[in-house]
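Data block below; observations after.
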Amino acid sequence: MIEEKAVILTSDEQRGLGHLVNGSVVNFNEPTLDVFNPARGTVIKHLEVGGKSAVEAVISAAEKALPHWRKTPAVKRARVMFKFKELLEQNSGRICELIGQEHGKIVHDAKGELQRGIENVEFACAAPELLKGDYSKEIGPSIDCWSEFPPVGIVAGITPFNFPAMIPLWMYPLAIVCGNCFVLKPSEKDPTSTMFIAELLYEAGLPEGVLNIVNGNHETVQLLLEDKRIDAVSFVGSTRVARAVYTSAVNQGKRCQALGGAKNHAVVMPDSDVDSVVNQLIGAAFGSSGQRCMAISVAVLVGDDLAEKFIEKIRLVSNGLRVGAFNNADNDFGPVVTREHKKKIEALITSAEDDGAEIVVDGRLFRPSDDLKGGFFLGPTVIDKTEIWMESYKEEIFGPVLQIVRVETLPEAIGLINKNAYGNGCCLFTGDGNTARIFSDEVRAGMIGINVPLPVPAATQSFGGWKDSLFGDLHIYGPDGVRFYTRRKTITQRWSSKKLSEEKQFSMPSNN
Ligand code: NAD
């Protein structure tokens, strides 16, 4: 158990957490927002909302750093990342505590998040290999042709609350080793771990101005999008905002990848081991209070016999889960992020009930211990007999809620997933290889799990959904990340000891 200290705001904190400009924290005396500890429902910090001065400061810092950084050899850029990885590991206890205090996730879950982020830093350490380019020798007489991958320029990253360490680490380590300078706008709900981690990158030897952070809200994002000096935008958040950010960025000639929300289905076939599937789905549905874009929010049960066994087991297991504060590692999951979000989830559960679905386990009835009674808690919720026309099915709930849809056949299950507006991830539980093959071939989603409930791709692959879960052409991090943060430049060059022909040539040059 991590001991929780009483929160007394220092005068700096009263003024509001500032912005990271050239590696130092700077304030501009702008209005502030409250940052909460969601397990207690109390304000623990204020955060300055970056306006014109803050946005100008971070972009100017990046602009000044860019000419030198883009020319720094990739091997030297990667060396900073090697050191950064060490510092992240050495400071993991403090980082997980900061994540827990503002997000609410339990310390073991925060450790997993950080580890996934570190794996992206490890991938970025391979920059000299990743950027070495493609070469074609002798494509014509004494002519060679090759592609290089220079940086895009200044990249803005806008990140959601649910992974304050990992999602920024999906973006800036790779963008920076590719030679870009980066401006990050973290979530206003839990910015402190993000700031702390960025300061570690400076401790690792990053030159001034290569990474800058502007804190704030949607207005801060608008200022970033309107600035002509921003060349590319990586966004992760809800679909409504992803669509708007993507449209605004591309209309202003910027490269953009915008990852949105999700409704991830797990199809359970009658030949699967129900006890094992329930244990896996419980973690995938309720871990982090269901506030993961890869959380399983719908179980599609094939056949009524399976459904009866599944429901009996999930009721039993759900009722034994421990919900509480981040600092007790025995807890399974914590609160949801804000009071408003809790109300929204409760309203969606009520709408499912009003629409005729059956509440098997009701998280609205959960009561935390007395010391946490101001917290934004909900218990696990399981809703059976969900129909696809219900509002609760169409909406992304983003809470500890698992909806059950019953079907008779695999094609029916696949059809259901393919009709859904989202296409982030989905998974199948089966004991049959052919069923697995049909499922992964036919289903329209970006990330598929076969007997794996949370198929989050490794850092060596790339992450992203289809349909309303991603706007743009390239997925985030991994090989697609390298392509997103670089531009291909192709050079065709002739050096010959023979004199160049003096004949004019009007036909298309070729090897004919
Ligand atoms: P959000 O969309 O409310 O906020 C994300 C970021 O956008 C924040 O930095 C916020 O300040 C900014 N923002 C909010 N409104 C804006 C506006 N109108 N204009 C410009 N910027 C705006 O998302 P959230 O609540 O922080 O995060 C949860 C959502 O993120 C869920 O929908 C979840 O599925 C999604 N998510 C998706 C992925 C993915 O990889 N697809 C990963 C994590 C989270």
Checklist line | Number of positions in segment 205-230 that are outside any helix (DSSP H, G or I) and of a type in the set (D, E, K, R) | finding: 4
Checklist line | Long-range neighbours under 8 Å by Cβ, at least six apart or interchain, first residue in the same structural domain as M195 (by TED's automatic domain parsing) and within 15 Å of R116 (Cα to Cα) within segment 75-100, second among the hydroxyl-bearing types (S, T, Y) and in a helix (DSSP H, G or I) | finding: I95/S193; I99/S193
Note to self: Of the conditions (1) over 29 Å from I167 (Cβ atoms); (2) without any contact (Cβ under 8 Å) to a residue 60 or more places away in the chain; (3) touching a strand residue (DSSP E or B) at 6+ places or on another chain (Cβ under 8 Å), E312 satisfies every one except a single condition; which number is it?
What the structure shows: (3)
Next item on the list: For segment 404-420, indicate whether the set of residues that are part of a loop (DSSP other than H, G, I, E, B), within 16 Å of the ligand (Cβ to nearest atom) and of a type outside the set (S, T, N, Q) is non-empty.
Entry: no
Notebook entry, point to check: If you take the residues of segment 270-279 that are of a type in the set (A, V, I, L, M) and touching a helix residue (DSSP H, G or I) at 6+ places or on another chain (Cβ under 6 Å), which of them is farthest from the ligand (Cβ to nearest atom)?
Noted result: V274
Check: Looking at G209, G253, which one is more than 10 Å from the ligand (Cβ to nearest atom), assigned by TED's automatic domain parsing to the domain that holds G481, open to solvent by less than 10 Å² (accessible area, probe 1.4 Å) and more than 20 Å from the chain's Cα centre (by Cα)?
Finding: G209
Next item on the list: Select from segment 289-310 the residues that are under 31 Å from the mean Cα position of the chain (by Cα) and assigned to a helix (DSSP H, G or I) and write down the one among them that is farthest from the ligand (Cβ to nearest atom).
Entry: F310
Note to self: Just the residues that are within 16 Å of the ligand (Cβ to nearest atom) and either closer than 15 Å to Y172 by Cα or outside any loop (DSSP other than H, G, I, E, B) (or both), please, taken from segment 463-499.
What the structure shows: F463, W466, K467, L470, F471, H475, I476, Y477, G478, D480, G481, F484
Checklist line | Among (1) over 31 Å from the mean Cα position of the chain (by Cα); (2) modelled with pLDDT of 95 or more, the one test that A458 misses | finding: (1)
Next item on the list: Mind counting the residues in segment 352-370 that are open to solvent by 40 Å² or more (accessible area, probe 1.4 Å) and either part of a loop (DSSP other than H, G, I, E, B) or outside the structural domain of R322 (by TED's automatic domain parsing) (or both)?
Entry: 6
Next item on the list: For segment 312-335, state whether one or more residues are part of a helix (DSSP H, G or I), under 29 Å from the mean Cα position of the chain (by Cα) and of a type in the set (A, V, I, L, M).
Entry: yes
Next item on the list: Sort through G446, G433 and tell me the only one that's within 21 Å of M166 (Cβ to Cβ) and either in contact with a Lys or Arg (Cβ under 9 Å, 6 or more places away or on another chain) or assigned by TED's automatic domain parsing to the domain that holds V300 (or both).
Entry: G446
Check: Does S510 satisfy being free of Cβ contacts under 8 Å to residues at least 24 places away in the same chain and either surrounded by fewer than 16 Cβ atoms within 10 Å (Cβ to Cβ) or part of a loop (DSSP other than H, G, I, E, B) (or both)?
Finding: yes
Notebook entry, point to check: Does S147 meet the test of being away from the ligand (no atom under 15 Å from the Cβ), in contact (Cβ under 8 Å) with a residue 24 or more places away in the chain and of a type in the set (S, T, N, Q)?
Noted result: yes
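Would you call D304 touching a Leu at 6+ places or on another chain (Cβ under 6 Å) and open to solvent by 10 Å² or more (accessible area, probe 1.4 Å)?
Values: touching a Leu at 6+ places or on another chain (Cβ under 6 Å): no; open to solvent by 10 Å² or more (accessible area, probe 1.4 Å): yes.
No.
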Margin query: Filter segment 460-486 down to the residues that are charged (D, E, K, R) and open to solvent by 80 Å² or more (accessible area, probe 1.4 Å) and list them by number.
Written below: D473, R483
Next item on the list: Among the numbered conditions (1) outside any loop (DSSP other than H, G, I, E, B); (2) surrounded by fewer than 24 Cβ atoms within 10 Å (Cβ to Cβ); (3) among the hydrophobic types (A, V, I, L, M, F, W, C), tell me where F286 comes up short.
Entry: (2)
Check: In this structure, is V43 over 24 Å from F123 (Cβ atoms), at pLDDT 95 or above and of a type in the set (V, I, T)?
Finding: yes
Next item on the list: Could you please give the count of residues in segment 167-204 that are outside any loop (DSSP other than H, G, I, E, B) and either open to solvent by 10 Å² or more (accessible area, probe 1.4 Å) or without any contact (Cβ under 8 Å) to a residue 24 or more places away in the chain (or both)?
Entry: 5
Note to self: Need the failing condition index for E340 against (1) over 22 Å from the mean Cα position of the chain (by Cα); (2) open to solvent by 30 Å² or more (accessible area, probe 1.4 Å), just the number.
What the structure shows: (1)
Checklist line | Single match in K137, K132 (criterion: in a loop (DSSP other than H, G, I, E, B), open to solvent by 40 Å² or more (accessible area, probe 1.4 Å) and not aromatic (F, W, Y)) | finding: K132
Notebook entry, point to check: Which residues, taken from segment 487-507, are open to solvent by 100 Å² or more (accessible area, probe 1.4 Å), farther than 30 Å from A232 by Cα and not acidic (D, E)?
Noted result: R494, W495, S497, K498, K499, L500, K504, Q505, F506
Next item on the list: Residues being in contact (Cβ under 8 Å) with a residue 40 or more places away in the chain, in contact with a helix residue (DSSP H, G or I) (Cβ under 9 Å, 6 or more places away or on another chain) and within 11 Å of the ligand (Cβ to nearest atom): count how many of those fall in segment 226-250.
Entry: 6
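The values are calculated or read from the model by the stated rules, or taken from the named source; none is laboratory data. Quantities reported herein were computed from a predicted structural model and do not represent experimental measurements. Heads up, the Cβs are rebuilt from the backbone with ideal geometry, glycines too, and the neighbour counts pull from every protein chain shown. Remember, those area values only see protein heavy atoms, side chains included, never the ligands or the DNA or RNA. Shrake-Rupley method; radii C 1.70, N 1.55, O 1.52, S 1.80 Å.
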